[in-house]
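What follows is calculated from the coordinates using simple rules that are stated; it is not laboratory data. Here the structure is a predicted model, which is why all the values come from computation and not from measurement. Quick reminder, even Gly has a Cβ in these numbers, built from the backbone with ideal geometry, and neighbours come from all protein chains shown.
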Amino acid sequence: MLSASAFAQTTTPPAGNGQPGQDGQRPRGRRQFTVNINNTSKNIELDTVQKAELIQIVKDVYVPFAQADGTRVRGFSFSVNDSLQIGMIAKVGKISVSGDWLKKNYKNFATELQTTLRKNWHSVDTVKKADYQLVFINKNSDFSPEVRKNLIDAYFKVYPVLVSKFNDKSTHNVIFITDTAYKGVAECSGNRILFSTKYMNQNPYDIDIVTHEGMHIVQGYPGGAGPGWLTEGIADYIRYKYGVDNIGSRWTLPEFKNDQSYKDAYRVTARFFEWIEQKVKPDVIMTIDQQLRTKTYTEESWAKLTGKTVDELWADYAKNPQVDLKYSGKAPVKKG
């Protein structure tokens with residue numbers, strides 16, 4: 001049985017991944033959940049202590065479920081009644097239990113709640129390799145098994161490398177969830193990466209979404225650390241540098257155009273970053289990433305690192321944007 005502790009990692013990096021060249025979805029951060037118990041059952045009386053215990057159990061079990069599930073519920077109803085024909089119904093935004101059932105199962109309520117919540121998902125699997133763990137929650141019975149395998153393989157191939165290279169304090173426990181209702185491509189919140197099953201089934205080779213979103217987990221920037229274009233530009237830059245199969249997904253960095261800006265984020269910014277690495281100074285982007293994580297980044301960081309402001313760097317880039325690009329194509333992921 002999957003324990004609630006599997007969902008316990010809750011940080012709030014920024015994170016979205018849109019269609020190539022498009023803006024991503026807005027991130028979903030941590031939310032406060034409220035619980036109100038409405039007991040109309042004649043079969044069980046709940047005193048203040050018991051209600052407090054039940055509310056705490058619900059928060060311990062349901063809140064991590066909701067965060068993993070990607071729901072936006074801030075509060076929900078907890079009904080204890082005598083009209084329910086089965087023991088418990090538990091789904092997004094609602095828990096309803098039979099008073100007679102609760103009286104008999106009070107001590108096992110946490111386990112029973114977890115089991116019932118899991119029924120909202122098609123499957124839940126936990127994969128462990130070395131000291132890394134991936135919980136894969138699938139909410140779509142038609143999700144491609146091959147895509148699922150490729151996403152899992154990409155995680156274990158790339159994510160440990162990103163942790164080792166950029167932030168060794170990053171979590172080793174990550175959740176993937178595939179959702180039929182999600183309209184974007186993918187997004188990251190805390191240690192959870194949400195995938196659109198429709199998009200992944202239609203684009204089965206775009207597995208380096210894992211690299212982009214995995215980097216968001218590793219980034220772990222605190223609020224106000226820096227502008228969003230930097231966050232997304234770095235994530236796509238890392239996808240370019242460490243991706244498993246960008247060739248297979250036909251993912252490329254776009255040629256320079258005069259109407260572009262370094263603030264466009266994603267691939268446009270990623271190409272600019274690669275130009276800086278090749279033509280100006282290596283490891284600049286890695287240093288910027290570290291500064292964002294420690295909240296020491298400022299606009300002056302570029303001049304201190306390269307001798308020029310970011311606007312001056314972009315102007316130089318615009319004059320001579322040529323850069324040697326090499327894309328991954330199922331070769332071993334780059335290390336170090």
Within the set LEU253, LEU194, LEU46, GNM on the chain using Cα springs under 10 Å gives the largest fluctuation to LEU46
Using the alpha-carbon centroid of each, what span in Å lies between the stretch 159-193 and the stretch 251-309?
23
For each of ARG192, ARG293, ARG118, count neighbouring Cβ atoms within 10 Å of the residue's Cβ, then give the residues from fewest to most.
ARG118, ARG293, ARG192
Rounded to the nearest 0.05, what FRET efficiency do LYS149 and LYS169 have when you use their Cβ-Cβ distance and R0 = 30 Å?
0.55
Built amide H within the under 5 Å cut-off of VAL185, gap 5+
ASN17, GLN25
Name the lysines eligible as straight-distance cross-link partners of LYS308: C-alpha to C-alpha under 30 Å, and not fewer than 8 places from it in the same chain.
LYS165, LYS241, LYS257, LYS263, LYS279, LYS281, LYS295, LYS319, LYS326, LYS334, LYS335
Among SER189, SER261, what is the fewest-to-most ranking by other Cβ atoms within 10 Å?
SER261, SER189
Derived scalar couplings ³J(HN,Hα) [the stretch 286-300; Karplus, 6.51 cos²θ - 1.76 cosθ + 1.60; whole Hz; x for Gly, Pro]:
4, 5, 4, 4, 5, 5, 4, 5, 9, 6, 10, 6, 9, 5, 6
Which residues qualify? For ILE193, with a placed amide H closer than 5 Å and at least 5 residues away or on another chain, they are ILE175, PHE176, ILE177
Taking the chain as the reference, fit the longest principal axis to its C-alpha atoms, fit the long axis of helix 109-118 to the helix C-alpha atoms, and give the angle between the two in degrees, 0 to 90, nearest 10.
50
Give the cross-link partners of LYS91 among the lysines, using a straight C-alpha distance below 27 Å as the criterion and excluding same-chain residues fewer than 8 apart.
LYS42, LYS51, LYS59, LYS103, LYS104, LYS107, LYS119, LYS139, LYS183, LYS198
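Show me 199-206, 238-245, 47-54 ranked by packing, highest mean number of other Cβ atoms within 10 Å first.
Those peptides, ordered most packed to least, come out 238-245, 199-206, 47-54.
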Give me, ordered by chain and number, the residues 5 or more places off SER328 or on other chains with an amide H under 5 Å from its own placed amide H.
ASN246, ILE247
Placing +1 on each Lys and Arg Cβ and -1 on each Asp and Glu Cβ in the chain, then taking the dipole about the Cα centre, the residue among GLN114, THR34, LEU194 whose Cα reaches farthest towards the positive end is GLN114
Checking the a/c ratio against 1.5 first, then a/b against b/c, what shape does the Cα gyration tensor give for the stretch 172-228?
prolate
Short version: ³J(HN,Hα) in whole Hz for each residue of the stretch 129-142, in order, from phi by Karplus 6.51 cos²θ - 1.76 cosθ + 1.60 (θ = phi - 60°), x for Gly and Pro, what are they?
9, 6, 9, 10, 10, 10, 9, 10, 9, 10, 9, 10, 5, 9
To the nearest 10 degrees, the tilt of helix 310-319 (Cα long axis) against the first principal axis of the alpha carbons of the chain is 60
For the chain, state the average projected area of the convex hull of the C-alpha atoms over all orientations, rounded to one decimal in nm².
18.4
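Of all beta bridges DSSP finds with both residues in the stretch 50-180, what is the antiparallel percent, to the nearest 5?
Of those bridges, close to 50 percent are antiparallel.
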Helix 48-69 against the longest principal axis of the chain: what's the angle in degrees, Cα atoms only, rounded to the nearest 10?
40
Given the -39500 (n - 2.57) contribution per DSSP H run of 4+ residues, what per-residue ellipticity at 222 nm results for the chain, rounded to the nearest 500 deg cm²/dmol?
-12000 deg cm²/dmol
Share antiparallel - DSSP beta bridges, the chain, percent rounded to 5
45
